[in-house]
Each structure stands twice: as structure tokens, then as C-alpha cells.
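K.L.:
Mind having a look at this structure? Questions to follow.
Every read-out reported here was derived from the displayed coordinates using simple, explicitly stated rules and does not represent laboratory data. On a predicted model such as this, the values are computed, not experimentally measured, just so you know. Please note: Cβ atoms are built from the backbone with ideal geometry, for glycine as well, and neighbour counts cover all protein chains shown.
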Amino acid sequence: MMFTLSAEQTDFASVLHDFLKAGGTDLASLGVDQVTDPVDLVVLFEEVGHHAVAGPLVETLAVVPALIGSSGGSSCSVAFPPLLPHAPEADRYLLVDGDTLREATPITELDSVDPTRRLVELTPGPVIATDAPTGRAFDLGVLTTSAQLLGLGRALLEMTTEHAKARTQFGTPIGRFQAVKHHLANVLIGLELARPLVFGAAVTMSARDVSAAKVATSDAAWQAARVALQVHGAIGYTAEHGLGRFLLQTRALRTAWGSPSMHRARVLEAL
Amino acid sequence: MMFTLSAEQTDFASVLHDFLKAGGTDLASLGVDQVTDPVDLVVLFEEVGHHAVAGPLVETLAVVPALIGSSGGSSCSVAFPPLLPHAPEADRYLLVDGDTLREATPITELDSVDPTRRLVELTPGPVIATDAPTGRAFDLGVLTTSAQLLGLGRALLEMTTEHAKARTQFGTPIGRFQAVKHHLANVLIGLELARPLVFGAAVTMSARDVSAAKVATSDAAWQAARVALQVHGAIGYTAEHGLGRFLLQTRALRTAWGSPSMHRARVLEAL
Amino acid sequence: MDLSLDAETLSFQAEVRAWLASHVRSLSSMDTAEGFEEHRAWERSLAAERLSVVSWPAVYGGREASLLQWLVFEEEYHASGAPGRVSQNGIFLLAPTLFAHGTDEQRARILPAMARADEVWAQAWSEPEAGSDLASLRSTATRCDGGWLLRGQKTWSSRAAFADRAFGLFRTGPGERHRGLTYLLFDLRSDGVTVRPIDQLDGEPGFAEIFLDDVFVPDHDVVGEVGDGWRVAMSTAGNERGLTLRSPGRFTAAASRLVELYRKNPDPALRDRVVDAWIGAQAYRLHTYGALASPLSGPAASVTKVFWSELDVALHETALDLLGEVAPGWRDGWLFSLSGPIYAGTNEIQRNVIAERLLGLPR
Amino acid sequence: MDLSLDAETLSFQAEVRAWLASHVRSLSSMDTAEGFEEHRAWERSLAAERLSVVSWPAVYGGREASLLQWLVFEEEYHASGAPGRVSQNGIFLLAPTLFAHGTDEQRARILPAMARADEVWAQAWSEPEAGSDLASLRSTATRCDGGWLLRGQKTWSSRAAFADRAFGLFRTGPGERHRGLTYLLFDLRSDGVTVRPIDQLDGEPGFAEIFLDDVFVPDHDVVGEVGDGWRVAMSTAGNERGLTLRSPGRFTAAASRLVELYRKNPDPALRDRVVDAWIGAQAYRLHTYGALASPLSGPAASVTKVFWSELDVALHETALDLLGEVAPGWRDGWLFSLSGPIYAGTNEIQRNVIAERLLGLPR
């Protein structure tokens, strides 16, 4: 029993954080396409969320490699109809049907909740494999999305805490008002208790634990987004402020890779 | 359209309030057994709740008279299995089965959430009627229970507001803390918006409206009870303090005459 | 108690319903230049039937409809899926102030043009350092020959990107916070006005910053007394929070849409949230009927403001949770709902008001 | 990361599980005189197997179990449905203080008797005017020959109705609020002690008032330095909020019961609340495993205190909503859960602590 990150994993998180904070975009230069261990993937995707990096990274770095060994350097996307009928935009598309894996082509773009996360419907192409490990690939998608939500929630808490310290109204920083304090405390509690579920799921990779992590991070991150907007007020509602990007991505990922309701059903089934 | 109480109804509420506040118990002396109009019944039962009067009053004054014309001066109770399989303790029992009405006898006492609301299981006796207006009688039970919950919630808000003004901690009345203010504001909002649903249901007497009133009052009154206990702290947790009586009665009535879940189903069905 | 409609109101309801059924059409977003003018034209078509401001006196373009009839109009309007009201800031925020504090000359000059959408009004309340704390305003109006010169900056001005005129508070005298403020009207196309649209989360300029550099306002555009602006404005604030800006019809219509959505996407785990949205809208509707006898004002309006704004968020969140990432027809309404707990005084401030002024808790 | 148990812990788990399976029985409520003695006897049977205080040194009656093993013990204990721990206030609140601040003599005299339940301890923290605001205590301890004389009144003393001894803070010197307090132990059967049981909502005397009228305490029952009581007590407060008083096993066991209850009374509209209770208990369990490397203290314990207390309420409320008015087997746990957000520092205070000390918001 050792339920904490190793020094290497903590270092990896720091390197990712510094790279993304400095505006880095070419994640491949950090060797992220070599990461396959679920715990390491969680470390990676928490930082991806922490900086609201857009694009089909869950699919390219976690799901497609689990299906076909490697995403071959181009961005990849995948749909699991009927549960996940559409896929985020990418260079290459796959389609899962039971254990069968096919190439696929995009046909229609759909109206996504998050405009930076463009979604397409797919039409099936040639079969690639008939015994693909689709169950584990799906669970890796759910797990890494949970990690991303955790990072998004953390970023939202950080920026809102800073805002509450800096913004004054009625002659005092708004962070002195008990209502603001309690909003932010609730966000911290939600994230703090969702976090071990994500790492626990990475260790066991059971459907039950992965779904529980998705439920908890969806709720905690969305609570963080709601509080962030409420504490920022009108400024947070503008396209110019960074908050909107985090908020919309959080809202999209909350129902991506299966809705909270679907994942609660999966948890109950496994109990 | 005139969606406010008449002067007579407001006076009736005042008379009831003064009578119960002064420790009065013989409600029959005020002619309450003559009340049959649903709006008047709501006025009556809001005050019954406001003073946490115990006993099978909903059954004796609203439901049984609707079934058999009068409860004949003794306390009456009634079960509607399978939905309401048990009944609060009384002198006389009835049992509803579809449109058939029977006398009934108590067999077992059950473990009630509220010790002052003793519940019994019934065994059927002789048939009294085969075409009783059981639907309307049931809805009157739901409606008057909703009114009672509204009154309980109001009493809980009143006693908690007084406590928050009087109790000091950290050198100031606890009602000055924003957390306490917001708790109590939420209670007021919940009750204020539940109230028109109860009177609206009394006007239409539709299943949809009666059930909506029960859902809203169950949630608003129970929120009032939770906040009351939290703001009172340990003193509210003692049997000596009056709060407990209100809290336990609220909790029992929340699921009496059909659970919130059952009533939500009934609302949806009617939409 | 009686919830039935009288014959006159029933006939009005039938007329409104029939007119809407044959005229409602879908318009572009009012937060685009083109959509703004489409909405202005829609307002003119309403005005031609005396349906743009039904509760106003006939002389200003209304029908002198009762409050009940206004509520019925709103229910029909929202149920029909009719367009948003580009004139709403003028009609619901400025007009009540003019009725209460304006001069006859102001009413005659301003209200008919507002009713016909010849002039569309923007609000200019907030400033960068004065959001919830409106009393900390800094923009000034300095006396000059025949009027006032405005200087300063306003922000979060809804509609200002395309509107014609605006109303707001300015410092005209000594005194701190609530004192020394004056309620002024100004032309958004005057010399010295620079409007910078601000894109919202939905990518459209729903509000704007207004920079004011010696903008002239003639004396006849002062509303109420000089220096009495706070008191004058507060009647408007009450309206913003209260029933006028968010009529129950908006929520009963949205709740019905949600129920339809649920029937197409039934998820029993979300059933209670759907039903609660419907019950909440119905509660707000009946609460408003109850308030007809003695309209809400001040702290009582804070109760409904918190209620409808949180109902609106919950309702739209439920729709998104039912639909997932692809939510056609719900995204804009959802984004707009998120602003409800913030504007017109944050819900945190409203809860303070409720606790202090309705429950008497110490400040 | 690794969630597997080592061989030693697995073998300990198996031993505990087997012992509990053959010994657990149902007892009367510990808040009755008869039930209290039944619980004392149960504690003695645990102690005979060195299972009453598994993490303590062997010399005091423990097994020097690791924190992980303690957690495993708690999971097994609660999963087995074993009785509540009548000695818990001593074991979880006083003992950690004695380990940190007591003398060897105190530990040798007090801990073995506590482990065997020969002495059952009550807490005596609160006073009528000092609930959340513990620093406003008024009860005094005055110097006398060979010790101290206690005067004043304590209240909400859990277990005091039937316990043997108690611990609390008393004013021994000048200074206001946190200064001049001393941590003292006293005998509930001493001359000058009057205990008045207070009936709780469930009708049983779960706590009591203690009236103290010149109650003698010998010098060897001062814990830590005279005047340093606040600091000494705060280590106990951390334990009360943190993991020791509410081990995750309690909630994972209750959540499993709730899932069973749901399977017997399935109501799809309540499914999510059932699942969320299970997820919450699991989150708290894993969070505690994560904290094994660096145990929680101070403000981090406030996070878990808010979490487990609200989880406990939500879990029991869900059970009652599933069952309705007749809720056999759940009513007592439900009533107890309602006290969670109040005791050991209200959740409102805890949220202030989290915001100020973990997030750095201004006081």
C-alpha cells in the first residue's frame, strides 16, 4: 500500500505544468506519446486540464494507442456508438462496434456546447481489427477525461481564489465575505475528495472505479466552474477573460465519455 | 382572478394562531369540524403545523369527512394501501381499497420516525361503502399535509431567526454572520414560493397541483428544519428544546401521504 | 380565492394568441448588427398592434392593460416562442422610472419612441470598479451651459453595442457613495462617446464598454432632481429584480420545453430535476398572481430574483445533462441563464437583503 | 501507486474478521445505564484480545498496529455491525493528547485503564455560552493545596451521564480568550460534581450538563503546562475533526447497507443519491489511504470533517426517503448523523478555516 505519487510522477507533473504555463504546445516533445501506465496518464491529463489544452488528446494519447498500439503521430479520434455516437475533430477517425474496430470518415459537424471542441458524426469504413481491447480503451477515455476535469477544477479554484483576494467591493476584498469563503471552501472539498477516486481508478482500472471517478470529477469540476463564474461576476462572462474557456470545456467534458447518469448506473451495476 | 385570502380567512388564521399559542387544545370549540372548503382547510392546517399540533387531524378533519360526511366527533384514521399501508393512531379506523371503504382494526404498532406520531397496521373489517369518493379524499389528505408542512416550516424559520438574533458567539449575534443569513434567506425563499402552490392546489384540487404542493412543501419545510438545527447547534438537539418536536414532525410528514418521489411521478404523469 | 380569468382578459388572451400564432418567426441574434435591426422591426410590428407595451397608457402606445393582462400577455408571448425583446431595458428599467420620476415632457418625448423601438435604450449602470457595489461609481457629470458634461467609463452595458441611447448614474456633487449622484440620459452617438463591444461567452457582443469624454447632456435629460439619482435609480433596480424583467411566462414556457425534451430523452435519474423545474416555474407563476393585489417591491423582489435566476440555471443545466455535449436549441438559453445569479445584484447581495430587511437580522 | 495490502496486514484483517464474526452481538443503547455497562463489557472483551486500541504500544494494551492496519481494523469493525465504542471519547480525544503532552506517569496510570474500559471518559469542552466559540470559556480552576478547585458549568458532555471521568479546559490565570486556560482531568464522582443528563432528540441522555462546585483535582491530573491548555487541547480538536473519530469504515459500511436497502426498495429517482453515498464513502476511504504517508492535521482535517458529516446526513436522509415514515434500523443513525455538521466545530466554522488557512483568503 502506497497511495501517493512517486517523485518521478511529481516531477513529470511539474515539467508539464511549467511547459504549458510557458505557452508550450508541442506536448510530444516531452515524450507524452510514450505514456501508457494509467497512473502516469492521470498525471498527464490532470495538467492538460489544468491548462485547458484543447483538442482530441484523450483520444490521441490514451484511447487510440490502447486500441491500435500507437496513434502514429497524427491526431486521432474515436466514437463508441451508441454510447458515444460522435467524436471530437481530428486527422484520423476510428469507430468501435463491440470488439470490432473500423476506420471512419466524418460526415456532419454537430453543435457542441464548447465551440473549441468541434464534434463530428462518423460513417464506418474498413475493418481494422475484430478483437480490439475496446473495454479497456473506453475506460481509459473515461479515466483521462476525469483527470482532465480534476485539472480544470483546480485551475478554476486557483483563478477564483486569486480574484477573490484582488477584487474589492464595498471597500474590502470580496474574499473576506463569508459567502465567498464558503463557496470556495466547497469547491476545494469537492476537488480534494474527487482526486483520490481518480488515482484509485487508475490503480484498479475497474469499470466501477473509473465510473465513480468520472461522476465525482464531473460534479466537483462543474461546481468549481459555477462558483468561479459567480465570484468573478460579469468579467467572467466575457469571451476576453480566460475563465470562459475553462468553463465551457468543463461543461463539455462533464457529459463527454458518458454522462454522470450513465456512469452512476455503471457503478450501481458493479456493486 | 383574486389569488389572496379573504378578510374572513385571514381572521380565521389569527383566531387559530392565538388559540393555539395560548395553549388551546380543543380545536372543535372553534368549529373546525365545520370546515370543508379546501382553501379554508389550508388556512386551518397551516396553523396546525405552525404550532406542531400532534394527532390524526388531517384524517379526522379533512379525509374521513370527505369519505363519510363527518368523523362524528371521535378521532379517525385511514389507510390507502398499498400507497399508504399504515395509519396514525386514532379512535376509529377506515381502510380504502379502490372505491370501497371498510371499517378496520389496528393490529401492529410500527416504528415511526416521529415518536409522537404513532403508526399502526390495519386489518380490514366490514364494508361501509362501495363508491366512496376516495380520490378526492386522498387529495385532501395530501393538500392538508402540505399546508401543515408550510406551517411547520414557518415556525422553524421564526424560532431560528429569533435564536440568531439573541445568541452571541465570537462577541456578536450569530445572525450577523453571512453564512447564517444565507441559510435563513434560503429557507424564506423556499417557503415563500411553496405557499402559492398550496393555495393554488386548494383552488383547483387537481392531482397535479396537489402533488406539486406536497413536493415543494416537503422540501421547503425540511430545509427549514435542517437549517434550524444547524443554526441552533447542540441546544436544538435536545429533547428539552421545542425545536425537536417540529423537526421530527416535519421529517415524518415529508414522507407521509406519499413520498416526494411518488408525488413527482404524479406531477409528471399529469403534464 | 379564484384563479379564473374574466371575460375581457380571456378575449385579450385569445387575440394575443392568434396574432402571435400568425406572426412569430425566427430572427438572427439581437447581438449582431443585422439581428438587432430584425428585432427592431419585430418591435415595430408589435407596436403597430399596440402589443409592445400593453400595460402603458394609450397615449404612449399602450392598451392600459391590467397587471393580470400583462402577465397573460407574457405567458402567451413566451409560449409562442416569440423573439427576445430588444427594447426590454428601456421598457422594463427606464420606463417605470420615467412614470415615477420623469416630467410630462420627458414621458411624451421618450415613451412613444421607445414603444415603437425608434429609440432602443441601453443601461449604463456598472463601472469597472463598481459591480455589486453600485454606490462606488466614479463617472462624473459637470455643470455646463444648458446642461452637463459626462466623463468616465461604464461597462457591462447590455445592448449598448447597437442601441441608440442609454441611462445611468453620474456624480454631480459632493458626498460619498449614495450621495451626490444624478440620473441622466445620453445619446450613444453623441460626440465624445466611444462604445467598445465586449464579446460574451457565446462569442457575441451582448454588452459593451462605454467611454465618455465630455459628452453633452441637455438639462431636459436629467431624470428626477439633481443629486437624487440613487433614490430615482432604486425604483428601477426593484423592477429589474422583480417581476417585470423576468415574467413567469418565460419560465413556464421553458419548463414545458424541458418536459417535452425529457419525454424524448427519458432518464429516470433526471426525472425529479425535470419535475422540479416545472413545479418551480408554476410556483413563480402563482406567486406572481398572488402579488397582483400588492405588487412586489424592494426586498420582496429579492426573494423572487434569487428564485427565478436559480430556477433558470437548474432548468437549463437539466436540459444539458439530458442532451450531453450536443445541445441544439438549448446552448444560448443555458449561457444566458448563467448570468442570472450575477446581474441585477448578485444573489449573494440579494440574500443579505432578504436576511436583513425581511428577517431583521443585524447588518 | 499501490492499493494492495501486505501479508501482515492481510493476516491481521483475517484475524479481526474472524473474531468479530463469532463475537459481535446486539447491545442495548449505550445511553441507558444498563446499555452503558453492556458496552463496557464489550470493550473489555475487545481489550482481552488486544483489539480495543490496536494502534497503541503493547505496554498500554495495544498491538502497535500501523495506521493502515488501524484503518483495516475499522473497516472490519463497522462492516461486522459491531457495537458503538463507549470508550471512544477517551481513546480518540484524550489519548492522543496524553501521547503528545502527558507525562509517563499519566500514560501509565490512565491508558491501560482506558483500554480495558475500567475508566470510561467523557469530554467536557462546551459551556452554555461557549459553543463554537470555545475560547470564551468561563469555568475556573483555582490553585489550592496539592492541586486545583474547579468551579463552573460544562454542557453537551457526551457520555457524561454514565462515564467515570472527564477532561476539559479551565481558566487558571489572567488573559482573555485563548490565554490562561489549563487542560485538566477530573473524576465525575468527586465531591462537588453534579451531572444532569440531557435527553436528546431520540429521548436518550446522550449528553449531560456538569455542574462543578469546588471539585478537587490533584496536580498530577494537569495535562501539559498550566496556562498552556489551548495549545494542548487543539491537538485533540484536530483528532476529533480528522480521521480518528470518524474512520472511513463507518461510512463504507453504512453505504453498503444503503445499497442493500435500495435493492429491496428500488426507486429510480433516488438511484443517484444512493450511488453518490457509495462514491462519497469510497472517496473518503481512498483519501484517508492517501493521507497515511502524512496524516491530516489542522485545516486539512476541516476538509474531511465537512465531507464526512455531510455525507453521513445525505446517506441517512436517502435511507429515510426510501423507507418513508417507518424506518426501522435507520432512525438512530439518522438522528446521530444530524449532529455531525454541528459538533467538533460547526461546518460553518470549518469552512472559514478552509478558506482562510488553506486558500489564504483574508480573515
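K.L.:
Between segment C:1-44 and segment A:212-259, what is the separation of their alpha carbon centroids in Å?
P.N.:
35 Å
K.L.:
Based on the alpha-carbon set only, what is the convex hull volume of the protein assembly as shown divided per residue, in Å³? If you can, show how the numbers build up before the last one.
P.N.:
On the way: hull volume 247.9 nm³, N = 1268.
Per-residue hull volume (Cα only) is 196 Å³.
K.L.:
Here is a follow-up. Take the residue pairs D:Lys154/D:Lys305; A:Lys181/B:Lys21; B:Lys181/C:Lys264; B:Lys165/C:Lys154; A:Lys21/A:Lys165; A:Lys165/C:Lys305 and return only those whose Cα atoms are more than 30 Å apart.
P.N.:
Details: D:Lys154/D:Lys305 24 Å; A:Lys181/B:Lys21 40 Å; B:Lys181/C:Lys264 41 Å; B:Lys165/C:Lys154 40 Å; A:Lys21/A:Lys165 21 Å; A:Lys165/C:Lys305 27 Å.
From D:Lys154/D:Lys305; A:Lys181/B:Lys21; B:Lys181/C:Lys264; B:Lys165/C:Lys154; A:Lys21/A:Lys165; A:Lys165/C:Lys305, over 30 Å: A:Lys181/B:Lys21; B:Lys181/C:Lys264; B:Lys165/C:Lys154.
K.L.:
A follow-up question, please. If you wrap a convex hull around the Cα atoms of segment C:178-217, how much volume per residue is inside, in Å³? Please report the intermediate quantities before stating the final value.
P.N.:
Values: hull volume 4.0 nm³, N = 40.
Residue-normalised Cα hull volume stands at 99 Å³.
K.L.:
Over the alpha-carbon set of segment B:41-190, divide Rg by the Kirkwood Rh and report the Rg/Rh ratio to two decimals. Show your work: numbers first, answer last.
P.N.:
Values: Rg = 19.6 Å, Rh = 17.2 Å.
Ratio of gyration radius to Kirkwood radius: 1.14.
K.L.:
While we're here: Just subtract the alpha-carbon distance of C:Arg143 and C:Val259 from 0.36 nm times their residue separation and send over the number in nm, one decimal.
P.N.:
Details: separation 116, 0.36 × 116 = 41.76 nm, distance 5.65 nm.
Once the chain is fully extended between C:Arg143 and C:Val259, it gains 36.1 nm.
K.L.:
Ordered shortest first, which distances in nm separate the 7 Å Cα→C-beta label point of B:Asp99 from those of the other copies?
P.N.:
Once sorted, the set of distances for B:Asp99 reads 6.0 nm.
K.L.:
Can you tell me the FRET efficiency between D:Ser26 and A:Lys165 if r is taken as the Cβ-Cβ distance and R0 is 41 Å, rounded to the nearest 0.05? Present the calculation step by step, with values, prior to reporting the outcome.
P.N.:
Values: r = 54 Å, r/R0 = 1.31.
According to the calculation, E is roughly 0.15.
K.L.:
List the residues of segment D:96-116 whose backbone N lies under 18 Å from a point placed 7 Å from the Cα of D:His220 along the Cα-to-Cβ direction.
P.N.:
Counting backbone N atoms under 18 Å from the label point, the list is D:98-99, D:101-115.
K.L.:
Normalised by the number of residues in segment C:121-237, what is the relative contact order in percent for Cα pairs under 8 Å and 6+ residues apart? Don't skip to the answer; put the middle values down first.
P.N.:
Working: 298 pairs, mean separation 33.8, N = 117.
Computed over segment C:121-237, the figure is 29 percent.
K.L.:
Would you calculate, for chain C, the mean residue ellipticity at 222 nm contributed by helices, counting each DSSP H stretch of 4 or more residues as -39,500 (n - 2.57) and dividing by all residues, to the nearest 500? Working shown, then result.
P.N.:
Details: 11 runs with 156 residues, N = 363.
Calculated mean residue ellipticity at 222 nm is -14000 deg cm²/dmol.
K.L.:
Can you pull the Rg over Rh of segment D:242-358, Cα-only, Kirkwood? Walk me through the intermediate numbers first.
P.N.:
On the way: Rg = 14.8 Å, Rh = 14.8 Å.
The Rg/Rh ratio comes out at 1.00.
K.L.:
Could you state the principal axis extents of the C-alpha atoms in segment A:144-234, from the largest down, to the nearest angstrom?
P.N.:
52, 20, 14
K.L.:
Something else: List the residue ranges in chain C for DSSP H helices whose C-alpha atoms run 20 angstrom or more along the long axis and whose Kyte-Doolittle average is 0.0 or above.
P.N.:
Span-like helices here: C:7-23, C:299-323.
K.L.:
Looking at A:Gly244, A:Val210, A:His182, which one has the Cα that reaches farthest to the positive end of the dipole of segment A:135-271 (charges on Cβ: Lys, Arg +1; Asp, Glu -1)?
P.N.:
A:His182
K.L.:
Please compute the average number of Cβ atoms from other chains found within 10 Å of each residue's Cβ in peptide B:232-242.
P.N.:
On the way: counts 2, 9, 12, 6, 4, 13, 9, 8, 3, 2, 0.
Taking all residues of B:232-242 together, the mean is 6.
K.L.:
Hey, another quick one. Hey, what D do you get for segment B:213-271 in µm²/s if you plug the Kirkwood alpha-carbon radius into Stokes-Einstein at 25 °C and 0.890 mPa s? Intermediate results must be reported in sequence, preceding the final value.
P.N.:
Numbers: Rh = 12.4 Å.
The calculation lands on 198 µm²/s.
K.L.:
Further, regarding this structure: Considering every residue in B:244-252, what mean count of other chain Cβ atoms within 10 Å of its Cβ is obtained?
P.N.:
On the way: counts 6, 1, 0, 3, 4, 0, 0, 8, 5.
Mean number of neighbouring Cβ atoms from other chains: 3.
K.L.:
Starting from the exponent 0.38 and prefactor 2.2 Å, build the expected Rg for segment A:56-129 from its residue count and divide its actual Cα Rg by it. All intermediate terms of the calculation are to be shown ahead of the outcome.
P.N.:
Details: Rg = 11.4 Å, N = 74, 2.2 N^0.38 = 11.3 Å.
Relative to the 2.2 N^0.38 Å estimate, segment A:56-129 comes out at 1.01.
K.L.:
Moving on. Answer rounded, prolate or oblate for segment D:110-158, using the Cα gyration tensor with square roots of eigenvalues a ≥ b ≥ c: rounded when a/c is under 1.5, else prolate when a/b is larger than b/c, else oblate. List each step's numbers first, then the result.
P.N.:
On the way: a/c = 3.10, a/b = 1.28, b/c = 2.41.
Oblate shape, in that a/c is at least 1.5 and b/c is the bigger or equal ratio.
K.L.:
Can you tell me how segment C:126-228 classifies by the Cα gyration tensor, rounded, prolate or oblate, using a/c under 1.5 as the rounded cut? Don't skip to the answer; put the middle values down first.
P.N.:
Details: a/c = 2.27, a/b = 1.41, b/c = 1.61.
It comes out oblate by the Cα gyration axes.
K.L.:
Hey, another quick one. Assuming R0 = 22 Å, can you tell me the calculated FRET efficiency for the pair B:Asp99 and B:Met205, based on Cβ-Cβ distance, to the nearest 0.05?
P.N.:
Working: r = 18 Å, r/R0 = 0.81.
Using R0 = 22 Å, I get an efficiency of 0.80.
K.L.:
Could you tell me the calculated FRET efficiency between D:Ala58 and D:Asp118, based on Cβ-Cβ distance and R0 = 25 angstrom, to the nearest 0.05? Write down the numbers at each step before the final one.
P.N.:
Details: r = 18 Å, r/R0 = 0.72.
After rounding to 0.05, the efficiency reads 0.90.
K.L.:
Going 7 Å from Cα along the Cα-Cβ axis for the label, what nanometre distances separate D:Arg179 from the same residue across the other copies?
P.N.:
Once sorted, the set of distances for D:Arg179 reads 4.1 nm.
K.L.:
Let me ask something else about it. In debye to the nearest 20, how big a dipole does chain A give about its Cα centre with +1 on each Lys and Arg Cβ and -1 on each Asp and Glu Cβ?
P.N.:
On the way: 20 positive and 28 negative charges, 240 e Å.
Value, rounded to 20: 1160 debye.
K.L.:
From zero outward in steps of 5 Å, how is the percent of C-alpha pairs of chain A spread across the bins?
P.N.:
All Cα pairs considered, the percentages come to 1, 6, 13, 17, 18, 17, 12, 8, 4, 2, 1, 0, 0, 0.
K.L.:
Also, quick follow-up: On a C-alpha basis, how far is the centre of segment D:63-124 from the centre of segment B:76-138 in Å? Whole number, if you could?
P.N.:
After rounding, the separation between the Cα centres reads 50 Å.
K.L.:
Using a 7 Å offset from the Cα along the Cα-to-Cβ direction at both C:Ala48 and D:Ser294, what is the distance between the two label points in nm, to one decimal?
P.N.:
7.2 nm
K.L.:
For a quick check, take a GNM of chain C with Cα springs below 10 Å and name the residue from C:Leu94, C:Leu335, C:Leu201 with the largest mean-square fluctuation.
P.N.:
For chain C, modelled as a Gaussian network with Cα springs under 10 Å, the answer is C:Leu201.
K.L.:
Per the Kirkwood treatment, what hydrodynamic radius in Å, one decimal, follows for chain C from the mean inverse distance over all distinct Cα pairs? It would help to have the intermediate numbers written out before the result.
P.N.:
Details: mean 1/r = 0.0467 Å⁻¹.
Computed over Cα pairs of chain C, the Kirkwood hydrodynamic radius comes out at 21.4 Å.
K.L.:
Of the peptides C:308-314, A:257-263, how do they stack up when ordered by the mean number of other Cβ atoms within 10 Å, highest first?
P.N.:
Values: C:308-314: 21.6, A:257-263: 23.1.
My ranking of the peptides, most packed first, is A:257-263, C:308-314.
K.L.:
Relative to the Cα centre, what is the charge dipole magnitude of segment C:242-358, using +1 at the beta carbon of each Lys and Arg, -1 at the beta carbon of each Asp and Glu, and rounding to the nearest 20 debye? Spell out each step's value before the answer.
P.N.:
Numbers: 12 positive and 12 negative charges, 75 e Å.
That gives a dipole near 360 debye.
K.L.:
Working from the alpha-carbon coordinates of segment C:284-328, get Rg over Rh, Rh being the Kirkwood radius. Walk me through the numbers on the way to the answer.
P.N.:
Working: Rg = 14.7 Å, Rh = 12.3 Å.
The Rg/Rh ratio comes out at 1.20.
K.L.:
With an 8 Å cut-off on Cα pairs and a minimum separation of 6 or more residues, tell me the relative contact order of chain C in percent.
P.N.:
Details: 625 pairs, mean separation 49.2, N = 363.
Averaging sequence separation for qualifying contacts and normalising by length gives 14 percent for chain C.
K.L.:
Would you mind calculating the relative contact order of segment B:78-224 from Cα pairs under 8 angstrom and at least 6 residues apart, reporting the percent as a whole number? Walk me through the intermediate numbers first.
P.N.:
Numbers: 209 pairs, mean separation 28.4, N = 147.
Value for segment B:78-224: 19 percent.
K.L.:
Point me to the residue of chain A whose C-beta lies closest to the A-onto-B rotation axis, rounding the distance to whole angstrom.
P.N.:
Per the Cβ-to-axis criterion, the result reads A:Gln178, 2.
K.L.:
Considering every Cα-Cα pair within segment C:1-86, what fraction, in whole percent, is farther apart than 16 Å?
P.N.:
On the way: 2003 of 3655 pairs.
Counting pairs separated by more than 16 Å, the tail of P(r) holds 55 percent.
K.L.:
Moving on to the next point. Looking only at other chains, what is the average number of their beta-carbon atoms within 10 angstrom of each beta-carbon in D:345-352? Please report the intermediate quantities before stating the final value.
P.N.:
Numbers: counts 0, 7, 5, 12, 4, 3, 10, 6.
Going residue by residue through D:345-352 and averaging, the value is 6.
K.L.:
When each copy gets a label point 7 Å from Cα toward the beta-carbon at D:Glu260, what are the spacings between them in nm, shortest first?
P.N.:
When each copy's label point is compared with this one, the spacings are 4.8 nm.
K.L.:
When the helix-only estimate is applied to chain B (DSSP H runs of n ≥ 4, each -39,500 (n - 2.57), divided by the residue count), what is the mean residue ellipticity at 222 nm, nearest 500 deg cm²/dmol? All intermediate terms of the calculation are to be shown ahead of the outcome.
P.N.:
Details: 8 runs with 143 residues, N = 271.
Result for chain B, helices only: -18000 deg cm²/dmol.
K.L.:
To continue, here is another question. With a sphere of radius 11 Å drawn around the Cβ of A:Pro260, what net charge do the other residues whose Cβ falls strictly inside it have (Lys, Arg +1; Asp, Glu -1)?
P.N.:
Working: positive: A:Lys214, A:Arg254, A:Arg264, A:Arg266; negative: A:Asp219, C:Asp267, C:Asp321, D:Asp272, D:Asp276.
With Lys, Arg at +1 and Asp, Glu at -1, the neighbours total -1.
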